[in-house]
């Protein structure tokens, strides 16, 4: 599987000729406890050299001594694209699936935060992509519960043995964002741990402005203790009325504001596409339009085949270097805020 797996997969998975999916009803929720003391149960961890340590510039980051942490929840990679992917939840010991996750989302997404803190990304029994579309709502709900049960166990282990008082960035995409929203509600929102929240990057899913009682959307690039969110579509696209809302947070990742000011390509510090080590500068613009983020179709070799209007797979890739710089900047702002107290 090529390193470009993640971008290619998410662009074309929904138009794939053959997909595998669960064809049975989930009757129970039997779960085996996952031992997160084992490094093999982490896709990214400071004690191992993993894909989150890489940079597009071609070197690796040793962030083991940083005083901030990043807890990253990866998106769905168990999509039914490969034979045997027909369970409601992905197995943790599937070497092929883990390789796809690592060379895809951990390399292209989690690594965007490696300048800000030590990166932790747990493997979890992610729900099958079909769980989002299945008419069997009961089975789908159970699949998501099992996935979140793992994430909660991983976070409990992290807090008990790894955190040691460090401030935290929560970062996520797609299915990971669904779980991150719940994690923030249960552990941070109005709780003592909220004081340790640098920021949350909740990407790829609609997040309501009032989803949390005490955690607000970030108002600018320097705000801390807040969250940002966006979903990227081709410029001009409008969501169907039945799923449109004026209560969704949309952050512009080129300005880090919530307004509808157009931000040109010249403000984009760097984009990644298929090759992790090929950096495109000033390739993609950004503009908030109602409850989604618009981006003009980027021009690159092969872009003629990019027919989709949903740029979901590139929520991070399009704005990789702006995200990386901003995460580091919010850490610096958090330090300044704490020093004033």
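The values are calculated or read from the model by the stated rules, or taken from the named source; none is laboratory data. This is a predicted model, so every value here is computed, not measured. Note that each Cβ is placed from the backbone with ideal geometry, even for glycine, and that neighbours are counted across all protein chains shown.
Below is a table of values for the structure above.
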item: Candidates 156, 150, filtered to the one that is closer than 25 Å to residue 25 by Cα and assigned to a helix (DSSP H, G or I); result: 150
item: Count of the range 187-241 residues which are more than 14 Å from residue 290 (Cβ to Cβ) and assigned to a helix (DSSP H, G or I); result: 6
item: Conditions (1) touching a strand residue (DSSP E or B) at 6+ places or on another chain (Cβ under 8 Å); (2) surrounded by fewer than 18 Cβ atoms within 10 Å (Cβ to Cβ); (3) within 25 Å of residue 309 (Cβ to Cβ); number of the one not met by residue 264; result: (1)
item: The range 159-186: number of residues that are within 25 Å of residue 208 (Cβ to Cβ) and part of a helix (DSSP H, G or I); result: 12
item: In the range 49-78, the residues that are modelled with pLDDT under 95 and in contact with a helix residue (DSSP H, G or I) (Cβ under 8 Å, 6 or more places away or on another chain); result: 60, 61, 62, 63
item: From 252, 257, residue being touching a strand residue (DSSP E or B) at 6+ places or on another chain (Cβ under 7 Å), farther than 18 Å from residue 70 by Cβ and outside any helix (DSSP H, G or I); result: 252
item: Only listed residue being more than 16 Å from the chain's Cα centre (by Cα), farther than 19 Å from residue 182 by Cβ and free of Cβ contacts under 8 Å to residues at least 40 places away in the same chain, chosen from 84, 165, 80; result: 165
item: Within the range 226-245, tally of residues that are free of Cβ contacts under 8 Å to residues at least 60 places away in the same chain and surrounded by 20 or more Cβ atoms within 10 Å (Cβ to Cβ); result: 3
item: Conditions (1) farther than 21 Å from residue 226 by Cα; (2) surrounded by 15 or more Cβ atoms within 10 Å (Cβ to Cβ); (3) in contact with a helix residue (DSSP H, G or I) (Cβ under 6 Å, 6 or more places away or on another chain); number of the one not met by residue 282; result: (2)
